[in-house]
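Peer 1: This is the structure I have questions about; it appears just below.
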Amino acid sequence: MNILLIGSGGREHALAWKLAASPRIGTLFAAPGNAGICEEAECVSLNADDFAAVADFCKRNAVSLVVVGPEAPLVAGIADALAEEGIAVFGPKKQAAMLEGSKSFTKEICRTYGIPTADYAVFDSAEAALEHLQRTGAPIVVKADGLAAGKGVVVADDMETAERAIRDAFSGAFGAAGARVVLEEKLVGEEASFFALCDGTTALPLATAQDHKRAYDGDTGPNTGGMGAYSPAPVMTEAMCARTMDEIVLPALKAMQDAKTPYVGVLYAGLMITEDGPKLIEFNVRFGDPECQPLMMRLNDDLVDLIEASVNHDLAGGTVRWLPDAALTVVMATRGYPGAYEKGSVIEGVEEADAMEGVKVFHAGTQRDADGNLIAVGGRVLNVTALGATIAEAQKKAYAAVEKIRWPEGFYRRDIGWRAIKRGL
Ligand code: AMP
Ligand code: GLY
């Protein structure tokens, strides 16, 4: 089977690596890919927003399945457009992708289906939002309603920060995404990411992970796309996973079914594990990045089989096998990220790191120059991932691999995994 993978990040390199390992793959294409993905797949330059061009490419290259890494093409309707051309897409159609595309849409579903989440209110004007703030006070969380590339959320611990965030959103700081604002209760607890594979009616739990969103050690500094992750997340005990399926994932799947917009693809529940149990912070309609990297490292099944069962509505009775090991990913980013940074620095030593047993270096923002040098061309650049019997062992090995990489213009956190290791795992 020929497959086209859409995306260019570390998440997509991990997916490409697992897809390419399947004996069922004919040709794996990737658009646009990166230097790492191009070692696993045939990279092509295709604009994922141009659905007609994607469909045309698929027909010319006998591609019957498109795997979409990031959320933007899904929210824009790539699955709907390709379905009309008879091409299967791993990922939800536009209406179901609203679970990530609109926070107020998801909140409404939570209310109707009793999914535990933070109390909230939705506002279309700054005046009304500020008035609500006067009544509730801080702490409070201010969110732009639409997609804002992870930058539309401010956890405000005082009134001044909350007021500024509301005014910023309504004055266009997040573009159209901020024309509507959700104000919600601040949840207290430990965050975890839970992934389920869905075929419209059945959901299979995949695995759990924990991300590290802040740029610097000790969870300090600005928010990023994620500076590291590990799987499994110890806070997600068997009981907590069962509750998450029953109280959050299955009701959402039912909601999408009731609305005649069945959900197909990976459903990622961003959770706060509170004293009362799991509460939904947000849904995403794709794998997490970097959470996908440790997940793929641990997956002990054929990814093509799993994806095919999902798009063919054939997950009932299925299981997913995992290595018993833990996996941990350290993100290496260009100095300056998540703010301004320079592109074009040369990275050495990746092959040596990659050659270590139980280590895989996934690429994010990388390219090869004309001389074959590996060049950093993004904020997040490498995802050094290792397996270990425990999270502590995976951490030790991942950092030993990081040590082999020579890249003065890069930086990374030195404490990925600290929560799990503090628990003695
Ligand atoms: P989101 O884009 O909704 O995932 O929010 C980004 C981050 O903001 C989350 O990962 C949390 O760390 C934090 N956050 C969002 N909503 C809440 C909330 N209701 N309570 C506490 N923290 C939150
Ligand atoms: N790592 C967080 C996300 O992918 O949204």
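Peer 1: Of all residues in region 158-173, which are acidic (Asp, Glu) and either under 26 Å from the mean Cα position of the chain (by Cα) or under 12 Å from Ala129 (Cβ atoms) (or both)? Please lay out each step first, then the result.
Peer 2: Going residue by residue through region 158-173, those that are acidic (Asp, Glu) are 158, 160, 163, 168.
If the condition is that a residue be acidic (Asp, Glu) and either under 26 Å from the mean Cα position of the chain (by Cα) or under 12 Å from Ala129 (Cβ atoms) (or both), then Glu163, Asp168 are the ones that fit.
Peer 1: Something else: Of all the residues that make up region 379-425, how many are over 29 Å from Gly33 (Cβ atoms), touching an Asp or Glu at 6+ places or on another chain (Cβ under 8 Å) and open to solvent by 40 Å² or more (accessible area, probe 1.4 Å)?
Peer 2: Residues that pass the stated criteria total 3.
Peer 1: Now for a separate question. Test Ala255 against the criterion of being modelled with pLDDT under 95, surrounded by fewer than 24 Cβ atoms within 10 Å (Cβ to Cβ) and in a helix (DSSP H, G or I), and give yes or no. Quick ask: steps written out before the conclusion?
Peer 2: Values: modelled with pLDDT under 95: no; surrounded by fewer than 24 Cβ atoms within 10 Å (Cβ to Cβ): yes; in a helix (DSSP H, G or I): yes.
Judged against the criteria, Ala255 is not a match.
Peer 1: For region 202-220, name all the residues that are under 17 Å from Thr334 (Cα atoms), outside any loop (DSSP other than H, G, I, E, B) and more than 16 Å from ligand 2 (Cβ to nearest atom).
Peer 2: Of region 202-220, the ones under 17 Å from Thr334 (Cα atoms) are 212-217.
Next, only the ones that are outside any loop (DSSP other than H, G, I, E, B) stay: 214-216.
Within region 202-220, just Tyr216 meets the criteria.
Peer 1: Among the residues of region 121-157, write down those that are small (Gly, Ala, Ser) and more than 13 Å from ligand 1 (Cβ to nearest atom).
Peer 2: Step one: list which residues in region 121-157 are small (Gly, Ala, Ser), which gives 121, 125-126, 128-129, 137-138, 144, 146, 148-150, 152, 156.
Result: Ser125, Ala126, Ala128, Ala129, Gly137.
Peer 1: A further question follows. Just checking, which of Gly26, Gly7, Gly86 is at positive phi, out of contact with any helix residue (DSSP H, G or I) (no Cβ under 6 Å at 6 or more places or on another chain) and open to solvent by 40 Å² or more (accessible area, probe 1.4 Å)? Please lay out each step first, then the result.
Peer 2: Values: Gly26 fails: at positive phi; Gly7 fails: open to solvent by 40 Å² or more (accessible area, probe 1.4 Å).
Gly86 is the lone residue from the list that is at positive phi, out of contact with any helix residue (DSSP H, G or I) (no Cβ under 6 Å at 6 or more places or on another chain) and open to solvent by 40 Å² or more (accessible area, probe 1.4 Å).
Peer 1: Moving on to the next point. Could you tell me whether Gly288 is open to solvent by less than 30 Å² (accessible area, probe 1.4 Å) and within 19 Å of Asp119 (Cβ to Cβ)? Spell out the reasoning first.
Peer 2: Values: open to solvent by less than 30 Å² (accessible area, probe 1.4 Å): yes; within 19 Å of Asp119 (Cβ to Cβ): no.
No: the conditions fail for Gly288.
Peer 1: Among the residues of region 304-317, what is the count of those that are assigned to a loop (DSSP other than H, G, I, E, B) and either among the polar types (S, T, N, Q) or open to solvent by 30 Å² or more (accessible area, probe 1.4 Å) (or both)?
Peer 2: The initial filter retains those residues of region 304-317 that are assigned to a loop (DSSP other than H, G, I, E, B), namely 312-317.
So of that shortlist, the ones also either among the polar types (S, T, N, Q) or open to solvent by 30 Å² or more (accessible area, probe 1.4 Å) (or both) come out as 312-314, 316-317.
Residues in region 304-317 being assigned to a loop (DSSP other than H, G, I, E, B) and either among the polar types (S, T, N, Q) or open to solvent by 30 Å² or more (accessible area, probe 1.4 Å) (or both): 5 in total.
Peer 1: Among the listed residues Ala229, Ala196, identify the single one that is assigned to a strand (DSSP E or B), aliphatic (A, V, I, L, M), under 25 Å from Leu425 (Cα atoms) and touching a Ser or Thr at 6+ places or on another chain (Cβ under 6 Å). Even if it seems obvious, please write down each step before you answer.
Peer 2: Numbers: Ala196 fails: touching a Ser or Thr at 6+ places or on another chain (Cβ under 6 Å).
None of the other options fit; the residue is Ala229.
Peer 1: Take the conditions open to solvent by less than 30 Å² (accessible area, probe 1.4 Å), without any contact (Cβ under 8 Å) to a residue 40 or more places away in the chain, over 22 Å from Lys254 (Cβ atoms) and not acidic (Asp, Glu) and apply them to Ile140. Does it pass?
Peer 2: Values: open to solvent by less than 30 Å² (accessible area, probe 1.4 Å): yes; without any contact (Cβ under 8 Å) to a residue 40 or more places away in the chain: no; over 22 Å from Lys254 (Cβ atoms): yes; not acidic (Asp, Glu): yes.
No, not satisfied.
Peer 1: Within region 101-120, which residues are within 14 Å of ligand 1 (Cβ to nearest atom) and open to solvent by 20 Å² or more (accessible area, probe 1.4 Å)? Step through it out loud before you land on a result.
Peer 2: To start, the set of residues in region 101-120 that are within 14 Å of ligand 1 (Cβ to nearest atom) comprises 101-107, 110, 115-120.
The answer is Lys103, Phe105, Pro116, Thr117, Asp119, Tyr120.
The values are calculated or read from the model by the stated rules, or taken from the named source; none is laboratory data. These figures come from a predicted structure and were not determined experimentally. A quick note on method: Cβ atoms are made from the backbone with ideal geometry, for glycine too, and the neighbour counts reach across all protein chains shown. All accessible areas refer to the heavy atoms of the entire protein, side chains included, with ligands and DNA or RNA removed. Shrake-Rupley method; radii C 1.70, N 1.55, O 1.52, S 1.80 Å.
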